[in-house]
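Enquirer: I'd like to ask you about the structure that follows.
The values are calculated or read from the model by the stated rules, or taken from the named source; none is laboratory data. As the structure is a prediction and not an experimental result, all values here were calculated from the model. In this analysis, Cβ positions are derived from the backbone assuming ideal geometry, glycine residues included, and neighbour counts consider all displayed protein chains.
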Amino acid sequence: MLRVRLASTEDVVELFEWRNDPLSRKMLHSPEILDWDRHCDWLHKTLTNDARCLLMCVDERDTKVAVVRFDIEADNAVVGINLNPSMRGEGKGKQCLLKAISFFCDSFIDVKFLKAEIKDINIPSKIIFEALGFELQKIDSAVCYYGLRF
């Protein structure tokens, strides 16, 4: 049983490790290694930014499974997910994303459209987003742009 909660400063270490994981970096738009101070600054700014929602997906033992980020732009939001590297391949990404979207939509009722920007090589993410109804809008510079209206 997975559940979603707001991310907090208590998640700083895991988020730092997941962000700098080699495979995670390969899938990011900014793949450079992030140092600790920049990461802490990013998390502080993220947690205090009304235009961003950062959610943590945890399992029944409170093990952190994934982080899901929503960047809000008027009536739409860009969504991204980063799975705990030790839990890749366990099939938890889809459920985490589904629960995070539900949590987000309950809290941000003015948002009517979700977007995702996924590198073309990131097959697992493309499969998950497509399974949840996201439709491919375009491909540009090896990035797939998806959308979901609700």
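Enquirer: Against the definition (under 26 Å from C144 (Cβ atoms), surrounded by 15 or more Cβ atoms within 10 Å (Cβ to Cβ) and of a type in the set (F, W, Y)), how does F70 come out, yes or no?
Expert: yes
Enquirer: Turning to a different aspect of this structure: For D11, state whether it is more than 15 Å from the chain's Cα centre (by Cα) and either crowded, with 16+ Cβ neighbours inside 10 Å or at pLDDT 95 or above (or both).
Expert: Considered against the rule, which asks whether it is more than 15 Å from the chain's Cα centre (by Cα) and either crowded, with 16+ Cβ neighbours inside 10 Å or at pLDDT 95 or above (or both), D11 comes out as no.
Enquirer: Name every residue in the stretch 28-56 that is closer than 16 Å to S107 by Cα and touching a residue at least 24 places away in the same chain (Cβ under 8 Å), in order of residue number.
Expert: Hits for the stretch 28-56 are L47, C53, L54, L55, M56.
Enquirer: In the list L47, L97, L114, which residue meets the criterion of being surrounded by 19 or more Cβ atoms within 10 Å (Cβ to Cβ) and closer than 21 Å to E14 by Cα?
Expert: Answer to the check: L97.
Enquirer: Moving on. Please work out which residue is surrounded by the most Cβ atoms within 10 Å (Cβ to Cβ), limiting yourself to the stretch 85-94 and to residues that are of a type outside the set (A, V, I, L, M) and farther than 17 Å from E135 by Cβ.
Expert: G93
Enquirer: Sticking with this structure for a sec: What's the number of the condition I81 fails, among (1) more than 17 Å from F129 (Cα to Cα); (2) in contact (Cβ under 8 Å) with a residue 24 or more places away in the chain?
Expert: Here I81 meets the rest and fails (1).
Enquirer: Here are N76, N82: which of them is surrounded by 13 or more Cβ atoms within 10 Å (Cβ to Cβ), modelled with pLDDT of 95 or more and under 21 Å from N20 (Cβ atoms)?
Expert: Only one candidate passes the filter, namely N82.
Enquirer: Same structure again: With respect to V58, determine if the residue is hydrophobic (A, V, I, L, M, F, W, C) and over 29 Å from Q137 (Cα atoms).
Expert: When the stated conditions are applied, V58 passes them.
Enquirer: Within the bounds of the stretch 12-24, is there any residue that is touching a residue at least 12 places away in the same chain (Cβ under 8 Å), of a type in the set (K, R), under 23 Å from A142 (Cβ atoms) and assigned to a strand (DSSP E or B)?
Expert: Within the stretch 12-24, none of the residues are touching a residue at least 12 places away in the same chain (Cβ under 8 Å), of a type in the set (K, R), under 23 Å from A142 (Cβ atoms) and assigned to a strand (DSSP E or B).
Enquirer: I'm trying to understand the selection: among the residues of the stretch 1-27, which are in contact with a strand residue (DSSP E or B) (Cβ under 8 Å, 6 or more places away or on another chain), among the hydrophobic types (A, V, I, L, M, F, W, C) and closer than 19 Å to I118 by Cβ?
Expert: Result: W18, M27.
Enquirer: Still on this structure: Any residue in the stretch 94-115 that is more than 16 Å from A7 (Cα to Cα) sitting within a Cβ distance under 6 Å of a residue that is basic (K, R) and assigned to a strand (DSSP E or B)? List the pairs, counting only those 6 or more apart or interchain.
Expert: Cβ pairs passing all conditions: F113/R149.
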